[in-house]
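These notes concern the structure reproduced below.
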Amino acid sequence: MSYVNNLMDKLIQRNPNEPEFLQAAREVLESLEPVMDRHPEYIDAGLFERIVEPERQIIFRVPWVDDKGDVQVNRGFRIEFSSAIGPYKGGLRLHPSVNLSIIKFLGFEQIFKNSLTGLPIGGGKGGSDFDPKGKSDAEVMRFCQSFMTELYRHIGADTDVPAGDIGVGGREIGYMFGQYKRIVNRYEGVLTGKGLTWGGSLARTEATGYGLVYFVDEMLKTKGESFAGKRVVISGSGNVAIYAAQKVKELGGEVVAMSDSSGYFVDEKGVNLDTIKLLKEVQRKRCKDYLAVHDHAAYFEGCDDIWTVPCDIALPCATQNEINEQSARTLVANGCIAVAEGANMPSTPEAVKVFLDNKILFGPGKAANAGGVAVSALEMSQNSMRYSWTFEEVDAKLKDIMINIHKKAYEAANDYGFSGNLVVGANIAGFLKVADAMYSHGIV
Ligand code: NDP
């Protein structure tokens, strides 16, 4: 039995109910086989066994009182996966689907993503099965305060620096930061995604979406292509999706469809971003409400069929496993030339295979969506300096970082004999830096 299969067997035995984590681990480990051949010393040092086991897993009770006076109890998580190259860093997700498997898969991916940015940040992730949807601001605040009342003892500006993710935006980061500061009596950069008046970085809100599009632009250049005149479909209508759409438009592309977890809309005249921003960022409304303003658009219940909308470029920016094999085949059949993951692991392994087999340009999430965490790390730098860069300065650094990530992944793929395969390239390039640090630190 191969080394990787043996390792996966042990991982399955130890984590039997964690399908998302096992999916992510298998994808990374299999693509690292050429590294194992070239670096037997990493096998001897048990490096692969160690990297798939989180350094620390924290699971805790989050009790809070709703507006009716009833007690509610949620479960909180923080997975401190790897601190080999810097303090743990990764978002907090608030969504009813959150469980240990999902947070571990996200934390594991985060190790390699953070390494790819070239910045000194380790990998972590956290969250809760709390659903902010339909809750009042006061309920969200009480939940966030209770969540932080336990989390504060595990985090710190040089220990673990959480950020936002699904369901965690400026409002939630604000409530959590306020509670942290109150408990520890220190003003420190312990969270990123902060408001601009209290330590946040310009361009953090835009970073993941903009970074994704900068990355795709690099992918397109390798084929002599650009965004100009391209039809683009973007799933989701949250933070990542909205700012990806904005940058696509700036670069001359046309976004024709977007979605939320209820359904998707198609606007053949091009999605009106002012409307979608107002609906999602201000009014907290649904995609179907887009039609009340633009009645020429069409709305469809359910999100899966968004990938049947013909496009040149597809940017999945909602959630994990949202593109299956069938959707991937449809995209290819409709002439799609590039797919890049704004979300984390939105394509199933079968879908990724379809893209690679058909020589579609494919940007895996850990490379393509690393812009968010990169600017989070720049927020940490600004906090340490007690200084702020301008929007243009941060945006220029973000663009450089995304160009570099593409270059590193592209070159690693070439170097290991997988030319054009950015999945393998990103995993290898991200892994090598972490592996070198782990190897230097001894068996810890
Ligand atoms: P938001 O909460 O701002 O938006 C998420 C969007 O995806 C919403 O439109 C939401 O619809 C939709 N969505 C969420 N869950 C599902 C589901 N199960 N099925 C269908 N649609 C769903 O989150 P973000 O934009 O921040 O995050 C989107 C993705 O990008 C996630 O995978 C996240 O991990 C990843 N990511 C985010 C980064 C960031 O900086 N924010 C950085 C790197 C990756 P609805 O409103 O109906 O729930």
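The values are calculated or read from the model by the stated rules, or taken from the named source; none is laboratory data. Keep in mind that what you see is a predicted model, and the values were worked out from it rather than measured. Glycine also receives a Cβ, built like all others from the backbone with ideal geometry; neighbour counts cover every protein chain displayed.
Of all the listed residues (249, 230, 269), the sole one being out of contact with any Gly (no Cβ under 8 Å at 6 or more places or on another chain), over 28 Å from residue 133 (Cα atoms) and at pLDDT 95 or above is 269. If only residues of the stretch 249-263 that are surrounded by fewer than 20 Cβ atoms within 10 Å (Cβ to Cβ) and within 19 Å of residue 319 (Cβ to Cβ) are counted, the one that is nearest to the ligand (Cβ to nearest atom) is 261.
Identify the residue in the stretch 199-230 that is away from the ligand (no atom under 16 Å from the Cβ) and among the aliphatic types (A, V, I, L, M) and, among all such residues, is nearest to residue 253 (Cα to Cα). The extreme case among them is 228. Among the candidates 150, 172, 188, the residue that is more than 27 Å from residue 408 (Cβ to Cβ), outside any helix (DSSP H, G or I) and in contact with a Gly (Cβ under 8 Å, 6 or more places away or on another chain) is uniquely 188. Scanning the stretch 1-44 for residues that are within 27 Å of residue 103 (Cβ to Cβ) and among the small types (Gly, Ala, Ser) yields 24, 25, 31. Among the candidates 105, 147, which residue alone is modelled with pLDDT of 95 or more, within 13 Å of the ligand (Cβ to nearest atom), touching a helix residue (DSSP H, G or I) at 6+ places or on another chain (Cβ under 8 Å) and closer than 19 Å to residue 58 by Cα? One residue alone meets the criteria, 105.
A Cβ distance below 6 Å, combined with a sequence gap of six or more or placement on separate chains, defines the contacts here; from the stretch 147-172, residues that are at negative phi reach residues that are within 14 Å of the ligand (Cβ to nearest atom) and in a helix (DSSP H, G or I) in the pairs 163/376; 164/173.
For the stretch 288-296, does any single residue satisfy the condition of being under 20 Å from residue 334 (Cβ atoms), aromatic (Phe, Trp, Tyr) and surrounded by 15 or more Cβ atoms within 10 Å (Cβ to Cβ)?
Looking only at the stretch 288-296, we keep the residues that are under 20 Å from residue 334 (Cβ atoms), and these are none.
No, every residue in the stretch 288-296 fails to be under 20 Å from residue 334 (Cβ atoms), aromatic (Phe, Trp, Tyr) and surrounded by 15 or more Cβ atoms within 10 Å (Cβ to Cβ).
Among the conditions (1) of a type outside the set (D, E, K, R); (2) assigned to a loop (DSSP other than H, G, I, E, B); (3) crowded, with 24+ Cβ neighbours inside 10 Å; (4) at negative phi, residue 193 misses just one, which is (4).
Do you know which of the residues in the stretch 343-370 that are among the charged types (D, E, K, R) and assigned to a helix (DSSP H, G or I) is nearest to the chain's Cα centre (by Cα)? Within the stretch 343-370, the match that is nearest to the chain's Cα centre (by Cα) is 366. Flag set for residue 373, criterion: within 16 Å of the ligand (Cβ to nearest atom), buried (at least 24 other Cβ atoms within 10 Å of the Cβ) and of a type in the set (Val, Ile, Thr).
The rows are residues; the columns are (1) exposed (fewer than 15 other Cβ atoms within 10 Å of the Cβ); (2) over 23 Å from residue 25 (Cα atoms); (3) among the aliphatic types (A, V, I, L, M).
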{"site": "392", "(1), (2), (3)": "yes, yes, no"}
{"site": "395", "(1), (2), (3)": "no, yes, no"}
{"site": "405", "(1), (2), (3)": "no, no, yes"}
{"site": "418", "(1), (2), (3)": "no, no, no"}
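Restricting the first member to the stretch 222-245 and to residues that are at positive phi, and the second to residues that are more than 11 Å from the ligand (Cβ to nearest atom) and of a type outside the set (D, E, K, R), the beta-carbon pairs closer than 8 Å and six or more apart or on different chains are 229/252; 229/253.
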